[in-house]
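Written below as structure tokens is the structure these notes are about.
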Amino acid sequence: MEKEHRISELASHLPSLGEGQGVGSHPLHLFHFCPQCGSPRFVEHNEKSKQCMDCGFTYYINPSAATVALIERRTEQGAEWLCVRRAKEPAKGTLDLPGGFSDLYETSEQGVVREVKEETGLDVERVEFLFSIPNQYVYSGFTVHTMDMFYRCHVADGLDSARAADDAGEVLWLRPEDIRPEDFGLISVRQGVRLLLAKRQKSGL
Ligand SMILES: [Zn+2]
């Protein structure tokens, strides 16, 4: 329990979703020069874009696609959800669900299957889209706006062989009734876990 409390403290230091919006910090504030001609007159065009006053180049920012996986196993004691402990910043040491950024040229479904394989070694056979939540992910001093897509992932064989790798430092099977959303450090994942728990109560997800 002590460890769980420590994780909640870590999570409470994270900014709330939406922080930074409308407070003078344009999502492209770190981009000072036109990437096409190098002009320093690369200025805010609207809330989503910057434009070069010299060559006219315009760059729009959109959310980066990311995925989150819900994997369940059945035991004699009931259902358990596969959680991982984050091995890297941001929110290092807090709980997470497997997932990550989509790569160029792959589908979102392929992305979640790849991330589950990389982080747990499991082979996902079928995915089912659940919902999406926008998130902000601070990496290298830059706030990356993401669109996190949550999938229920079905694994036919080898669930018990899940092992942590890559961004995951540890694999934990937790009973939904024991899961505390505040132990999840990434805001969208915390919100997603809350939603999953609520859906489970309502309809037996
Ligand atoms: Zn330019």
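FYI, it's all coordinate maths here, none of it is from the lab. The shown structure was predicted, so the numbers you read here are calculated from the model rather than taken from an experiment. In this analysis, Cβ positions are derived from the backbone assuming ideal geometry, glycine residues included, and neighbour counts consider all displayed protein chains.
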**Q.** Cα-based helix-to-principal-axis angle, 108-120 vs the chain, degrees rounded to 10
**A.** 60 degrees
Q | Cysteines in the chain that, by Cβ-Cβ distance, have no pairing candidate under 4.7 Å | A | Cys83, Cys153
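How much mean residue ellipticity at 222 nm does the chain get from its helices, if each DSSP H run of length 4 or more adds -39500 (n - 2.57) and you divide by all residues, to the nearest 500 deg cm²/dmol? Intermediate values should be presented prior to the final figure.
On the way: 3 runs with 41 residues, N = 205.
It comes out at -6500 deg cm²/dmol, rounded to the nearest 500.
Once a ≥ b ≥ c are taken as the square roots of the eigenvalues of the Cα gyration tensor of the chain, is the result rounded (a/c under 1.5), prolate (a/b larger than b/c) or oblate (a/b not larger than b/c)? It would help to have the intermediate numbers written out before the result.
Details: a/c = 2.41, a/b = 1.89, b/c = 1.27.
In terms of gyration-tensor shape, prolate.
Exposed loop GluC sites (Glu not before Pro) only (DSSP loop, at most 11 other Cβ atoms within 10 Å): please give the longest stretch of the chain free of them, not including the sites. Could the numbers behind the result be given before it?
On the way: sites that count: Glu47, Glu76, Glu125.
Value returned for the longest uninterrupted segment is 126-205.
Counting pairs of alpha carbon atoms under 8 Å apart in space and at least six apart in sequence, what relative contact order in percent does the chain give?
Relative contact order for the chain comes out at 24 percent.
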Q: Could you pull out which residues in segment 81-119 have an amide N less than 20 Å from a spot 7 Å beyond the Cα of Arg163, following the Cα-Cβ vector?
A: 82-88, 98-99, 114-119
